[in-house]
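Working notes, structure below.
The values are calculated or read from the model by the stated rules, or taken from the named source; none is laboratory data. This is a predicted model, so every value here is computed, not measured. Ideal geometry is used to build each Cβ from the backbone, glycine not excepted, and the neighbour counts take in all protein chains shown.
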């Protein structure tokens, strides 16, 4: 297992109706890439606007043609957070991906189950979370950027910052 230090500004895509975008209970109930449904909470964040936009598009795949097809009041907000410097499991670098025994093309076409097993072991070790290549719009050779999955046990590393409406954050190109 390898670790990377991560810190700074990250962004969480959130439904405009969410009262608390930093609440990890939804992820604990339904699961995600790094946690199985009914397990522990994870705060899934994006390192860049490009990654956030790719994830916003992915969230609505097979529902709409583009996020602009949503009524304005349903388009996702972005909750900025600041993450205090800490080590996170490395699922970004080639060496980190190898150490986790994931395919070199990770995250392209990698199912959630093997990642959830890694996440469960990491959470049990009381790691802070996982820095990962984003699977949104990934190909066998490219990724849009990086995501940071902060485990519920490390949520104290996260400070809430500005929340931004869709029309102020989403790239128009």
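Observations
- A residue that is more than 21 Å from residue 37 (Cβ to Cβ) and in contact with a helix residue (DSSP H, G or I) (Cβ under 6 Å, 6 or more places away or on another chain) can be found somewhere in the stretch 141-156.
- Within the stretch 122-141, tally of residues that are within 19 Å of residue 42 (Cα to Cα) and assigned to a loop (DSSP other than H, G, I, E, B): 7
- Residue 121 touching a helix residue (DSSP H, G or I) at 6+ places or on another chain (Cβ under 8 Å), without any contact (Cβ under 8 Å) to a residue 60 or more places away in the chain and more than 22 Å from residue 49 (Cβ to Cβ): no
- Residue count for the stretch 4-17 under the criterion of being over 17 Å from residue 115 (Cβ atoms), touching a residue at least 24 places away in the same chain (Cβ under 8 Å) and surrounded by fewer than 20 Cβ atoms within 10 Å (Cβ to Cβ): the result is 7.
- All of 144, 97, 110 fail the test of being in a loop (DSSP other than H, G, I, E, B) and either farther than 20 Å from residue 31 by Cβ or at pLDDT below 95 (or both), apart from 144.
- Among the residues of the stretch 1-47, those that are in a loop (DSSP other than H, G, I, E, B), within 16 Å of residue 130 (Cα to Cα) and within 14 Å of the chain's Cα centre (by Cα) comprise 24, 31, 32, 33, 34, 35, 41, 47.
- Test: residue 166 is touching a helix residue (DSSP H, G or I) at 6+ places or on another chain (Cβ under 6 Å) and surrounded by 15 or more Cβ atoms within 10 Å (Cβ to Cβ): no
- The residues in the stretch 66-92 that are in a loop (DSSP other than H, G, I, E, B) and over 19 Å from residue 8 (Cα atoms) can be counted, and the count is 5.
- Applying the set (1) at pLDDT 95 or above; (2) closer than 22 Å to residue 107 by Cα to residue 9 leaves exactly one unmet item: (2).
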